[in-house]
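The values are calculated or read from the model by the stated rules, or taken from the named source; none is laboratory data. What you see is a predicted model, and the numbers here were worked out from it, not measured in a lab. Neighbour counts are summed over all protein chains in view; Cβ atoms, including those assigned to glycine, are modelled from backbone coordinates with ideal geometry. Each accessible area value is taken on the protein alone, full model and side chains, heavy atoms only, with ligands, DNA and RNA left out. Shrake-Rupley method; radii C 1.70, N 1.55, O 1.52, S 1.80 Å.
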Amino acid sequence: MLLEALSSAILGLALAWAATQRLSHRLPARPLVLSTGVAGALFGAFVMHSALEAGHLLLVLLGAVIVSVASLSLLLRPTGRLRRSATA
């Protein structure tokens, strides 16, 4: 379980770092993004470990990645001004 937690935290940190490098103009402050990535990955690993029991490291890490990416996507801001329709 310790290996799963450590691996998922490292994966979440790597995903969050990659997001800040690629999408820094659309994300809030870097510490918030990094902590959200790690927390999402740890939560995803916890849920997958609870559902599958021990012995499924790759599936637990896959769940960690999915939840981490989902939580990071909630931090994204729109790219520019929102377009208004012609009828509005």
Filter the stretch 9-55 down to the residues that are open to solvent by 80 Å² or more (accessible area, probe 1.4 Å) and more than 12 Å from the chain's Cα centre (by Cα) and list them by number. GLN21, ARG22, HIS25, ARG30, PRO31, PHE46, GLU53
Let me confirm something: among SER24, SER35, which residue is of a type in the set (Ser, Thr, Tyr) and at pLDDT 95 or above? SER35
Being touching a residue at least 40 places away in the same chain (Cβ under 8 Å), among the charged types (D, E, K, R) and out of contact with any Ser or Thr (no Cβ under 6 Å at 6 or more places or on another chain): is that true of ARG26 here? yes
